[in-house]
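Here is the structure we will look at.
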Amino acid sequence: MFTVTAYHELVGSTVDFSFGPRWCPTRVRPAATQMDLQGFIIQSCVSALTSFKTPALMSDFKNYFSKDGAPEWERCVWNEFQKSLVSLTAKMDKLNHDAGSGLNKRKHPFRIFHPKELECAVSV
């Protein structure tokens, strides 16, 4: 879960590699000085398709888990996972903010891996 969701939030963007065929090829060919057209189109498509907004990680997904013949234990595992995210959110908020004044304790509050900020992700 961490690799697919949180780590991808930090370093998983492929848009930076899609500036042009000479920038950062995904395929290396003998004696080539730039990416071929097919490789560039594939890389651009991956960047475009993985940039869509996805559901928030802290979502209930009531119509997904334990539905249509899926096992009931999925719902239990997901609910426990959500409880742990709520707990983690409270800890992170406490570290980032001074509860008494409502001001930030940190000059730059850490929110990259904050569960409320994360979206569900897929690994391609």
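Observations
- Annotation: Q38 fulfils all but one of (1) surrounded by 10 or more Cβ atoms within 10 Å (Cβ to Cβ); (2) without any contact (Cβ under 8 Å) to a residue 40 or more places away in the chain; (3) outside any loop (DSSP other than H, G, I, E, B); the unmet one is (1).
- N96 fulfils the conditions (1) closer than 29 Å to S18 by Cβ; (2) at pLDDT below 85; (3) in contact with a strand residue (DSSP E or B) (Cβ under 7 Å, 6 or more places away or on another chain) except for a single criterion, (1).
Residue-wise test of (1) out of contact with any Leu (no Cβ under 8 Å at 6 or more places or on another chain); (2) touching a residue at least 24 places away in the same chain (Cβ under 8 Å).
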position	(1), (2)
V28	yes, no
V46	yes, yes
L57	no, yes
N63	yes, no
S66	yes, no
G69	yes, no
E72	yes, no
N104	yes, no
H114	yes, yes
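- Meets criteria (of a type in the set (A, V, I, L, M, F, W, C), assigned to a loop (DSSP other than H, G, I, E, B) and either open to solvent by less than 90 Å² (accessible area, probe 1.4 Å) or out of contact with any Gly (no Cβ under 8 Å at 6 or more places or on another chain) (or both)) for F81: no
- Answer residue from the range 41-54, given it is among the hydroxyl-bearing types (S, T, Y) and within 10 Å of F17 (Cβ to Cβ) and is least open to solvent (accessible area, probe 1.4 Å) among those: S47
- Looking only at the range 2-18, and only at residues there that are hydrophobic (A, V, I, L, M, F, W, C) and surrounded by 10 or more Cβ atoms within 10 Å (Cβ to Cβ), the one that is farthest from E119 (Cα to Cα): F17
The values are calculated or read from the model by the stated rules, or taken from the named source; none is laboratory data. Just so you know, these numbers come straight off a predicted model, no measurement behind them. Reconstructed Cβ throughout: ideal geometry from the backbone, glycine too, with neighbour counts over all protein chains shown. When the accessible area is computed, the model is the full protein with side chains, heavy atoms only, and any ligands, DNA or RNA have been set aside. Shrake-Rupley method; radii C 1.70, N 1.55, O 1.52, S 1.80 Å.
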